[in-house]
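Quick notes on the structure that follows.
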Amino acid sequence: MKKFLLIALFGLFALPVFSQSVSDATIQKRENRRGMVLKEWNTAVGAKMPFLDHVTTYDSLGRKIEEIEYASYGQKSRVVSEYPPDSDVSAKVVREIEYNDRDKVVRIRKFEYNDDGSKKRQLNYYPNGKLESVKVYEYISK
C-alpha cells in the first residue's frame with residue numbers, strides 16, 4: 001500500500017513538471033520559426049533536377065499559417081490555418097481552410113480543445129458551410 005501511495009504522489013508532482021516542459025518545448029520551437037518560410041525539395045531517383053514538394057509559412061509568433069503541397073503540374077493543395085484573434089504563441093488552431101489546385105475551397109475544418117489543450121473535436125464542413133463529418137478524439141492512458 002505504501003508503494004502505491006508513493007507512486008501516486010510521484011505521479012501527481014511529476015505530471016505538472018512534464019506538462020510544463022512539453023509546452024516550453026513547443027513554445028521554443030515556435031519561437032525558432034518566427035517569420036520562417038520552409039521549402040521542402042525532392043529529387044526523383046534517376047532525375048537530376050529537384051522539384052518543390054511543400055512550402056510552409058509561419059507568422060511572427062512562429063505559428064504555421066499556410067502549407068502548400070506541390071505536384072509536377074504545380075500547386076496540388078493549400079491549407080490556411082487560423083488562430084483566435086489577439087492570441088499568443090500558445091494558441092491552438094481554431095480553423096483550417098483547404099484549397100484545391102485551382103485555389104477553390106474544398107473543405108473547412110474547425111477544432112475544439114479540452115481544458116488541457118488536447119484536441120476534443122474536429123468538425124469538417126463543405127465549402128457551402130454544410131457539416132460533412134465530425135471527428136472525436138479519445139485519449140486512453142495505460
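The values are calculated or read from the model by the stated rules, or taken from the named source; none is laboratory data. Since the model is a prediction, treat every value here as computed from it, not as a measurement. Because the Cβ atoms are built from the backbone with ideal geometry, glycine has one as well, and the counts that use them run over all protein chains shown.
Filtered by the rule that a residue be out of contact with any Leu (no Cβ under 6 Å at 6 or more places or on another chain) and either touching a residue at least 24 places away in the same chain (Cβ under 8 Å) or crowded, with 16+ Cβ neighbours inside 10 Å (or both), segment 88-99 gives 88, 90, 91, 92, 93, 94, 96, 97, 98, 99. Would you say residue 90 is under 15 Å from the mean Cα position of the chain (by Cα), on the phi < 0 side of the Ramachandran plot and part of a loop (DSSP other than H, G, I, E, B)? Here the answer is yes, as residue 90 does meet what is asked. Among residues of segment 100-125 being surrounded by 13 or more Cβ atoms within 10 Å (Cβ to Cβ) and of a type in the set (Ser, Thr, Tyr), the one that is farthest from residue 73 (Cα to Cα) is 113.
For segment 63-72, the set of residues classified as of a type in the set (Gly, Ala, Ser) and either modelled with pLDDT of 90 or more or assigned to a strand (DSSP E or B) (or both) consists of 71 only.
Could you check segment 93-113 and list, in sequence order, the residues that are assigned to a loop (DSSP other than H, G, I, E, B) and out of contact with any Gly (no Cβ under 9 Å at 6 or more places or on another chain)? Within segment 93-113, 93, 94, 100, 102, 103, 104 meet the criteria.
Pick from segment 73-86 the residues that are in a loop (DSSP other than H, G, I, E, B) and in contact (Cβ under 8 Å) with a residue 12 or more places away in the chain: which of them is farthest from residue 31 (Cα to Cα)?
The residue in question is 73.
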